[in-house]
Amino acid sequence: MSVHKKRLKLITLSIGSNSLECQVNSWKLDPGVKDGDRKYTFCPDGEFVEETDAEASLELKLFSDWRSAGFSTFLWNNPNTEATFVLDHHPDDPDSHVRFSGKVLIQPAPVGGDARETEMTEVTLQAFNVEFEEV
């Protein structure tokens, strides 16, 4: 099999009523699946792996937007509320287009940075009920 590669160029992303793809500089959706601990007993077949619970997250780095309808303002105005999200990955390529959807728990993001630098908002939101779909 030959190598298949794609550059990260285009997404569509909505959280609640916010369309964010033009603000996003970096993103990562982590399903949060962890290996369970291996446990042993003294019987001949006494080995098992403990079940774990996934702790999915959506990590975003965006250009800050503090206008009244901006996403930075939305985060601060809606702490501890649930919002639906839909992330279309490679929406411009029918062979690679996939969709992730679910809910995130909104939390305010840290504010500030270095003088004369472009203001960025970096936040990691807890995600749940995450679904994967080949589109």
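Every number here is computed from the coordinates shown, using simple stated rules; none is lab data. Please read all numbers here as calculations on a predicted model, not as lab measurements. So basically every Cβ, Gly included, is an ideal-geometry build from the backbone, and we count neighbours across all protein chains shown.
Our coupling estimate for the stretch 46-63, obtained by passing each phi through the Karplus curve with A = 6.51, B = -1.76, C = 1.60 and θ = phi - 60°, is x, 10, 8, 10, 5, 6, 10, 9, 5, 10, 5, 8, 10, 9, 10, 10, 10, 6 Hz, Gly and Pro reported as x. Here is the tail figure for the chain: Cα pairs spaced more than 27 Å apart come to 35 percent of all pairs.
Per-residue Cβ neighbour counts within 10 Å put 1, 120 in the sequence 1, 120, beginning with the fewest. Between the beta carbons of residue 67 and residue 40, assuming R0 = 41 Å, the FRET efficiency works out to 0.10 to the nearest 0.05.
Placing dummy labels 7 Å off each Cα toward the beta-carbon, the span from residue 48 to residue 78 is 4.1 nm. Karplus-based coupling profile of the stretch 77-93, in residue order and whole Hz: 7, 10, x, 6, 10, 8, 9, 6, 9, 9, 10, 9, 9, 6, x, 8, 10, with θ = phi - 60° in 6.51 cos²θ - 1.76 cosθ + 1.60 and x standing for Gly or Pro. The charge dipole of the stretch 38-95, taken about its Cα centre with unit charges on the Cβ atoms of Lys, Arg (+1), Asp and Glu (-1) only, comes to about 440 debye. Starting from the Kirkwood Rh over alpha-carbon pairs, what translational D in µm² s⁻¹ does the stretch 69-135 have by Stokes-Einstein at 4 °C and 1.567 mPa s? Roughly 93 µm²/s, to the nearest whole number. Taking 0.36 nm per residue of separation and subtracting the Cα-Cα distance, full extension of the segment from residue 98 to residue 122 would add 6.2 nm. Relative contact order of the stretch 26-135, taken over Cα pairs closer than 8 Å and 6 or more residues apart, is 27 percent.
In this label model, residue 9 and residue 134 are separated by 2.3 nm, measuring between points 7 Å along each Cα→Cβ vector.
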